[in-house]
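Please treat every number below as a calculation from the coordinates, not as lab data. Remember, it's a predicted structure, so these values are computed and weren't measured experimentally. Using ideal geometry, Cβ is built from the backbone for each residue, glycine included, and neighbour counts are taken over all protein chains shown.
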Amino acid sequence: MAAARRARDAAREHGTWGMTGYMKRFNDAYRAAKACLDRPEFGTPLFLDKQFYAQSPYRRPGQSDEDLLWQLVMGQGCHSIDLIRFFLGDVASVSARAVFGNNGTSGVSARLMFSSGALGTVHVTTFAGSGNARYLLDVMGDGRAHVRVEDMRALTYHGGQWNPHRGADQLQQAYRLEPHPLARRLWTIGHYGEVVAFGRAVAAGQAPPAPGPTLDDNLACLQVCRAVWQSCLEDGRSVEPASIEEKPPVGTW
């Protein structure tokens, strides 16, 4: 967090800009899902659930719970946390818990209150096994619409009010978006769009437009990560990311 703040302040001081490497904001399916939130029938986005089955880290010999948890949240969870900020904005408070397995595995589950009043949950675990990374995102609004993205590739959108006279058949009335089978993975998961946006910004001599994650986005994301970690160490106590200090809490190292 201290380094992120120095980078942001240096950019401001010298009248320049920076961009953070959170490539999931440039993923085709996630950007299409974000556009669904602007559809009239979606209403106000009020709930989000993000699940990430990560491939690492696993506990090293002698590694403490605190350190393993730090690696899991900061090294893997940061991408999920930046993504949920992309969808629902700033996080006002966090309450989180962690669990540890016998084979070096671990998991974190966090409940989030957004500044907008929306609620969210994010789960990051290594229980699914190496090589089995999975991603799932659900966002719902008060217009009874629902958008889901599976594995950063397939989007399903259900919009509109439930009609009791139509029955279950309307569950099949959904928009479905999937990449072409020949689409290269680096294009579809966001790396390609991220590099293109940065290159165009350099050529134009100005900061990239949204959704490019700024240096402020980076600092805000790290504050939420730190809040998740701290809440886990304090038995789920609610923590406000904006209140996080630079130094670690007493007794947690």
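In deg cm²/dmol and to the nearest 500, what is the mean residue ellipticity at 222 nm of the chain if only DSSP H runs of at least 4 residues count, each as -39500 (n - 2.57), divided by the residue total?
That calculation yields -9000 deg cm²/dmol at 222 nm.
Between Gly190 and Asp28, the built amide H atoms are under 5 Å apart, and every one of these is 5 or more places off in sequence or on another chain.
Each DSSP beta bridge with both residues in the chain is either parallel or antiparallel, and the antiparallel ones are about 85%. List the residues, sorted by chain then number, that are 5 or more residues from Thr105 or on another chain and whose placed amide H is less than 5 Å from its amide H. Excluding prolines and chain starts, which carry no amide H, the hits are Arg59.
Mind checking the full-extension length gain between Phe127 and Arg237? Use 0.36 nm per residue of separation minus the Cα-Cα distance, one decimal, nm. Between Phe127 and Arg237, full extension yields 37.2 nm more.
Close amide-amide hydrogen proximity is noted between Phe47 and Leu119, Met140, each under 5 Å apart and 5 or more residues distant or on a separate chain (H modeled in the peptide plane; Pro and chain starts excluded). Using the Karplus relation 6.51 cos²θ - 1.76 cosθ + 1.60 with θ = phi - 60°, the per-residue 3J(HN,Hα) values for segment 22-32 come to 8, 6, 5, 4, 9, 5, 4, 5, 5, 5, 5 Hz, with x marking Gly and Pro.
With the simple model of a label 7 Å out from the Cα in the direction of the Cβ, Val99 to Glu150 spans 2.4 nm. Across segment 48-62, coupling constants 3J(HN,Hα) worked out from phi with the 6.51/-1.76/1.60 Karplus curve, θ = phi - 60°, read 9, 10, 10, 10, 9, 8, 8, 8, 6, x, 10, 5, 7, x, x Hz, and Gly and Pro carry x.
Quick one, which of [x] 27; [y] 22; [z] 18 is the actual percent of Cα pairs over 35 Å apart calculated for this model? Label of the calculated value: [z].
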